[in-house]
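Taking it in order: structure first as C-alpha cells, then the write-up.
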Amino acid sequence: MKLIVGLGNPGKEYERTRHNAGFMALEALARRHGLSGVKQKFHAGVLEGRIADQKVMLMQPLTFMNRSGLSVGEAAAFFKLDPEDILVLVDDLAFACGQIRMRSTGSAGGHNGLKDIERVLATRDYPRLRIGIDPRGRVPQADYVLGRFSDQQLEAFEPALFTACDCIETWLSDGIDAAMNKFNPKG
C-alpha cells in the first residue's frame, strides 16, 4: 500500500487557491485513473484503488493545513506504513509556478503542513513532491498562499498537474530515484 497525500485546506473558500496545489494534483491523479467515490476516513477524504500495479490510497486531510499530520499519522499507523511509502504533494513558494521537484527527504521549509506531518511521523525522511506557486514578492505570505492563481500563473500551473501525475506514476512503478532523475530540474 502506498499513501499519496495532497495538502490543502477544505472548503469552498479555499478551492483553487495556491495553498491547495497538493489537493489539485491529487484530484488530477484521481481523474486520470478514474478513481471516484470519496469516503471519509482518518479525518480525510480518501479514494482507494490501483495505479501502476500498486494499491494506493489517495488522501486529502480535512483538518486544515496546520493539522495535516493527524490524517497521515492515523493512516500510517492503521496500514503499518513506512515513511518511504507515503508521498506528500505540497505547494512551494521557492519554485516558479508550475515547476515540480521530487525529494525523498528534506526540511519543512516553513510549510506548516509538512511541519505537522514531520511531528507526527517523527521523521523528515518521507517523499514529497513540491509544486511551485511562485515566490510571494511583497504580499504577506498568508494572503498570497490563500489567494487564487493569476491567469498567467494558471497557464504554467495547469500543465504541471499532468507532469506531477507522471512523476507520481514513476514513483509508484520505478521508485523515488527514477522519479527524481526523470522529473527534477537539471542543474
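Just so you know, all these numbers are worked out from the coordinates, no wet-lab data involved. Keep in mind it's a predicted model, so treat the numbers as computed, not measured. Cβ: placed from backbone, ideal geometry, glycine included. Neighbour counts: every protein chain shown.
Observations
- The dipole here belongs to the stretch 138-187: it is taken about the Cα centre, uses +1 on the Cβ of Lys and Arg and -1 on the Cβ of Asp and Glu, and is about 220 debye.
- Across the stretch 5-100, the convex hull enclosing all Cα atoms gives 112 Å³ per residue.
- Kirkwood-type radius of the chain, with distances r between different C-alpha atoms, in Å: 16.1
- Each of I100, I117 was scored by other Cβ atoms within 10 Å of its Cβ. Arranged with the fewest first, they read I100, I117.
- Fewest-first ranking of V120, V56, using other Cβ atoms within 10 Å as the exposure measure: V120, V56
- Axial C-alpha extent at least 18 Å, average Kyte-Doolittle at least -0.5 - helices from the chain (DSSP): 151-174
- Put in line by how crowded their Cβ is, counting other Cβ atoms within 10 Å and starting with the fewest, D91, D85, D174, D134 read D174, D85, D134, D91.
- Cα-based Lys pair tally, the stretch 2-183, threshold under 30 Å, eight or more apart or on separate chains: 23
- Among the trypsin sites (Lys or Arg not before Pro) found in the stretch 7-43, those both in a DSSP coil and sparsely packed, with 15 or fewer other Cβ atoms within 10 Å of their Cβ, are R16.
- Each Lys and Arg adds +1 at its Cβ and each Asp and Glu adds -1 at its Cβ; summed about the Cα centre, the chain shows a dipole of about 240 debye.
- When the Cα positions of P127, L7, Q153 are compared along the charge dipole of the chain, L7 comes out farthest toward the positive end, with charges on each C-beta of Lys, Arg, Asp and Glu.
- Sum of -39500 (n - 2.57) over DSSP H runs of 4+, divided by residues of the chain (222 nm, nearest 500): -11500 deg cm²/dmol
- Alpha-carbon radius of gyration plus Dmax, which is the widest Cα pair, for the stretch 91-163 in Å: 13.1, 39
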